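To start, the structure itself, in structure tokens.
Here, each number is a calculation from the coordinates, and none is a lab measurement. Keep in mind it's a predicted model, so treat the numbers as computed, not measured. Glycine also receives a Cβ, built like all others from the backbone with ideal geometry; neighbour counts cover every protein chain displayed.
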Amino acid sequence: MIFTKTKIEGVYIIDLEPRLDERGYFAKVFAQEELKKQGISYKIVNVNRSLTEKRGTIRGLHFQKAPYQEDKIVQCLQGSIFDVALDLRKSSKTYGQWFGEILSEENKKMLLIPKGCAHAFQTLEKNTVVEYFVSQYYSPQYESGIRWNDPRFNIQWPISRVKTSEKDASWELY
């Protein structure tokens with residue numbers, strides 16, 4: 001696993017190192033000792049998977065409030081997404097900034113999103129499957145979100161024809 005820091009502290013692009021042979025490939029997608037080498041403490045308590053049928057769909061921006069904040073490692077198993085982390089940590093020098101990366105079944109990249117950051121993605125293809133390794137159990141009473149098109153953050157989504165859920169479209173502006 002190769003960890004690349006982004007402009008937002010604690011957000012990493014994780015590149016897998018597939019071992020190829022005539023059968024295909026084998027790759028490690030999670031290793032606690034690899035994270036520890038990077039100074040990252042991470043414990044998986046949930047693994048979630050979503051299928052999004054329509055291209056251009058945005059899921060998010062989601063986060064959980066304290067004391068149920070969560071870290072996420074996100075990967076795209078089928079299709080491709082534009083994955084976004086938005087820094088909501090007021091003490092951070094990148095507070096209010098966002099970072100986006102294309103994750104796909106071809107590039108096998110993952111994005112680590114730490115506590116205090118909101119997360120969203122836009123599907124770039126039909127029938128896209130995304131998997132999340134999450135460090136905290138889902139707690140509906142601590143769930144929150146930010147509208148995907150909040151002008152304060154000006155996230156540059158790659159597809160302008162956006163589809164989203166009623167819930168995600170109704171989050172307050174931050």
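Using the basic label-point model (7 angstrom from Cα toward the beta carbon), what is the Ile2 to Asn107 distance in nanometres?
Calculated label separation equals 1.3 nm.
Could you order peptides 4-16, 32-44 by the average number of other Cβ atoms within 10 Å of their residues, highest first? Can you show the working numbers first?
Working: 4-16: 17.3, 32-44: 12.5.
Final packing ranking: 4-16, 32-44.
Quick one: what does P(r) look like for the stretch 56-127 with 10 Å bins over all Cα pairs, in whole %?
Spelled out bin by bin, the stretch 56-127 gives 21, 50, 24, 5 percent.
Can you compute 3J(HN,Hα) from phi for each residue in the stretch 76-81, using the Karplus curve 6.51 cos²θ - 1.76 cosθ + 1.60 with θ = phi - 60°, rounded to whole Hz and x for Gly and Pro?
3J(HN,Hα) across the stretch 76-81, in whole Hz: 9, 8, 8, x, 7, 9.
Whole angstrom only: what separates the Cα centroid of the stretch 49-113 from the Cα centroid of the stretch 1-26?
The distance from the Cα centre of the stretch 49-113 to that of the stretch 1-26 comes to 16 Å.
How high is the relative contact order of the chain, in percent, with contacts defined as C-alpha pairs under 8 Å that are six or more residues apart? Walk me through the intermediate numbers first.
Working: 399 pairs, mean separation 51.7, N = 174.
Relative contact order of the chain: 30 percent.
Using the crude model of +1 on Lys and Arg Cβ and -1 on Asp and Glu Cβ, and no other charge, please compute the dipole size for the stretch 43-169 relative to its Cα centre, in debye to 20. Before the final figure, lay out the partial values.
Details: 19 positive and 14 negative charges, 52 e Å.
The calculation lands at about 240 debye.
Could you order the peptides 68-78, 123-133 from most to least packed, using the average number of other C-beta atoms within 10 Å per residue?
Working: 68-78: 20.4, 123-133: 18.5.
Highest to lowest by the protection proxy: 68-78, 123-133.
Which pairs, out of Lys90/Lys163; Lys43/Lys167; Lys28/Lys163; Lys5/Lys109; Lys28/Lys126, put more than 23 Å between their alpha-carbon atoms? All intermediate terms of the calculation are to be shown ahead of the outcome.
Numbers: Lys90/Lys163 30 Å; Lys43/Lys167 29 Å; Lys28/Lys163 33 Å; Lys5/Lys109 13 Å; Lys28/Lys126 27 Å.
Cα-Cα > 23 Å for Lys90/Lys163; Lys43/Lys167; Lys28/Lys163; Lys28/Lys126; rest within.
Work out from phi, with θ = phi - 60° and the Karplus expression 6.51 cos²θ - 1.76 cosθ + 1.60, the ³J(HN,Hα) of each residue of the stretch 120-135, listed in order in whole Hz, and give x for Gly and Pro.
Those phi angles translate into 7, 8, 10, 6, 9, 9, 6, 6, 8, 10, 10, 10, 10, 9, 10, 8 Hz.
For Lys163, which sequence-distant residues (separation of 5 or more, or a different chain) have an amide H within less than 5 Å of its own amide H, given hydrogens modelled in the peptide plane?
The list, which skips near neighbours in sequence, is Thr57, Ile58.
How long is the stretch 7-110 along each principal axis, judged by its Cα atoms, biggest number first, in Å?
50, 38, 26
Show me the three semi-axes of the equivalent ellipsoid for the stretch 43-169, from the C-alpha gyration tensor (sqrt of 5 times each eigenvalue), largest first, rounded to whole Å. Present the calculation step by step, with values, prior to reporting the outcome.
Working: eigenvalues 87, 60, 39 Å².
Equivalent ellipsoid of the stretch 43-169: 21, 17, 14 Å, largest first.
Quick one: what are the phi-derived ³J(HN,Hα) couplings along the stretch 100-117, Karplus 6.51/-1.76/1.60 with θ = phi - 60°, whole Hz, x for glycine and proline?
So the J values, rounded to whole Hz, are x, 8, 7, 10, 8, 5, 6, 7, 6, 6, 10, 10, 9, 10, x, 3, x, 10.
So which aspartates and glutamates pass the test for Lys37, namely a Cα distance under 19 Å, with those fewer than 8 places away in the same chain ruled out?
Correct list for Lys37: Glu9, Asp15, Glu17, Asp71.
So how do 90-99, 22-31 stack up, highest first, on mean other-Cβ count within 10 Å? Provide the component values of the computation, followed by the final result.
Numbers: 90-99: 13.8, 22-31: 10.1.
Descending mean neighbour count gives 90-99, 22-31.
Determine, at each q value in 0.11, 0.13 (inverse angstroms), the log₁₀ of I(q)/I(0) that the Debye formula gives when each Cα of the stretch 1-63 is one equal point scatterer.
Calculated log10 I(q)/I(0) at the listed q: -0.41, -0.58.
Where in the stretch 122-147 does the amide nitrogen come within less than 12 Å of the point 7 Å from the Cα of Glu53, taken along Cα to Cβ?
Inside the label zone: 127-128.
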